[in-house]
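Q: Quick one: structure below, then a few questions.
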Amino acid sequence: CTLVNQTDPSCAAYADAAQGYAETWEALSYTEVGGSHYKMSFNARDSAYSLKYNLVWQKILQLDGPFSDDVFSTEVAHYIGQANRYGPPLESDIDGTRTVFATMTKADWVSWVAAMAPTDEQFSTLFHPVFDMANTTRSRVPLTDLYDTYTGLSFSGMIDFFIDRPVIGGVFARALLP
């Protein structure tokens with residue numbers, strides 16, 4: 001509201017509601033099972049996680065909330081702990097039925113979460129595997145945004161859908177930070 005000089009009373013009500021929802025999410029989704037992190041959803045297994053890449057907009061827009069700084073540092077540390085050779089998978093196998101995603105990641109999502117890192121060292125630890133994948137993968141296609149975190153290969157079977165896409169601009173996420 002204050003970013004756009006909005007004085008409408010409903011603006012404050014929306015900001016308060018967002019803060020309340022964020023606090024509820026933080027309280028209900030935090031777990032220390034499988035490493036401290038915020039679960040993918042309230043009813044997911046405690047060890048289930050996902051790359052919460054959209055949190056970066058709070059940093060880019062320099063907002064004071066709704067999420068606490070603890071969310072960023074906790075999630076970044078968890079992603080580093082989950083990383084394979086070419087970065088952290090985009091999500092864990094939530095319920096045992098989506099095993100294909102247990103090793104896949106998206107270059108743009110990893111770039112967004114790397115940009116959230118509180119330190120340069122954490123940023124480099126998360127982002128370097130994306131750079132490494134682009135330089136060492138055997139997949140000789142225009143830069144893919146969906147790839148295997150162990151092999152660096154494009155997602156087989158969907159190769160035509162995940163190459164040379166505008167989302168790859170996410171690799172410049174850190175440049176958007178103040």
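Each value in this text was obtained by applying a stated rule to the coordinates, not by laboratory testing. As the structure is a computational prediction, the values presented were derived from the model and not from experiment. Note that each Cβ is placed from the backbone with ideal geometry, even for glycine, and that neighbours are counted across all protein chains shown.
Q: Please state the charge dipole magnitude for region 110-178, taken about the Cα centre, from unit charges on C-beta atoms (+1 on K and R, -1 on D and E), reported in debye and rounded to the nearest 20. Could the numbers behind the result be given before it?
A: Values: 4 positive and 7 negative charges, 23 e Å.
For this selection, approximately 100 debye.
Q: Report the label-to-label distance for Ser10 and Leu153 in nanometres (one decimal), using points 7 Å from each Cα along the Cα→Cβ vector.
A: A separation of 5.3 nm, rounded to one decimal place.
Q: Something else now. Work out the FRET efficiency for Ala17 and Ala102 from their Cβ-Cβ distance, taking R0 = 30 Å, and round it to the nearest 0.05.
A: For Ala17 and Ala102, the calculated efficiency is 0.30.
Q: Taking the alpha-carbon distance from Lys106 and a cut-off under 19 Å, which aspartates and glutamates remain once sequence neighbours fewer than 8 residues away in the same chain are dropped?
A: Straight-line reach from Lys106, under 19 Å: Glu75, Glu91, Asp93, Asp132, Asp145, Asp148, Asp160, Asp164.
Q: For region 7-65, what is the charge dipole size about the Cα centre, in debye to the nearest 20, if Lys and Arg each add +1 at the Cβ and Asp and Glu each add -1 at the Cβ?
A: Around 300 debye, computed over region 7-65.
Q: Ordered by packing density, taken as the mean number of other Cβ atoms within 10 Å over each peptide's residues, highest first, how do 79-90, 107-118 rank?
A: 107-118, 79-90
Q: Which of (i) 11, 40, 36, 12, 1; (ii) 9, 36, 37, 16, 2; (iii) 10, 34, 33, 17, 5, 0 is the computed P(r) over Cα pairs in 10 Å bins from 0, in percent for the structure on display?
A: (iii)
Q: Obtain the nm distance between the two label points defined at Arg140 and Glu32 by a simple spin-label model: each point lies 7 Å from its Cα along the Cα-to-C-beta direction.
A: Label-label distance for Arg140 and Glu32, simple model: 5.2 nm.
Q: Which residue, chosen from Pro178, Thr151, Met133, occupies the Cα position most advanced towards the positive end of the dipole of region 122-178, where the dipole is computed from +1 (Lys, Arg) and -1 (Asp, Glu) charges on Cβ about the Cα centre?
A: In region 122-178, that residue is Pro178.
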